[in-house]
Amino acid sequence: MRIGELAARTGVSIRSLRYYEEQGLLASTRSPSGQRHYTDDEVERVWFIQRLYTAGLSSRTIAELLPCVDSPSTDNSDAALARMAQEHARLAAHIRDLTRTQEALEALMETARAHRETLREPAHH
């Protein structure tokens, strides 16, 4: 199938599919005129890549995980699980940082509200 059909079947833009190929996440064969051609297997692969992106992984990390899919083995599986655990820990730390930032902003907002109350004009009699 050509790139437009793969895009239609997966719901992923042609631009994204080209990016996946540039990053080594997706492969195609080329026609004599240079058009990309994909097999039906690429539909599942694109969906898998999308799930990994949705999980917050970068294209570089996804490329590190793909050997587990392309050449299943205990070693590749162990390496993929270790890499996902690293990403999980990174995301957990980021969430903690965001939570602290959110709490600091909430405290600032409360201070600003309290200060705002002191600025109220006195009622006219």
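Read-outs throughout are calculated quantities, based only on the coordinates presented, and are distinct from any laboratory measurement. Predicted, not measured: the structure shown is a model, and the values here were computed from it. Note that each Cβ is placed from the backbone with ideal geometry, even for glycine, and that neighbours are counted across all protein chains shown.
Details
- Lys/Arg +1, Asp/Glu -1 at C-beta; region 3-118 dipole; positive extreme among Ala93, Pro67, Gly34: Gly34
- Two-site FRET efficiency, Asp70 against Arg100, from Cβ-Cβ distance with R₀ of 35 Å, rounded to 0.05: 0.30
- Here, region 11-74 yields an orientationally averaged convex hull projection of 4.9 nm² when only Cα atoms define the hull.
- Loop-located trypsin sites (Lys or Arg not before Pro) in region 32-125 (DSSP state not H, G, I, E or B) with no more than 11 neighbouring Cβ atoms inside 10 Å: Arg120.
- Acute angle (nearest 10 degrees) that the helix 41-54 long axis makes with the longest principal axis of the chain, alpha-carbon atoms: 20
- In the chain, the DSSP-assigned H stretches of four residues or longer account for a calculated mean residue ellipticity at 222 nm of -23500 deg cm²/dmol, using -39500 (n - 2.57) per stretch and the full residue count as denominator.
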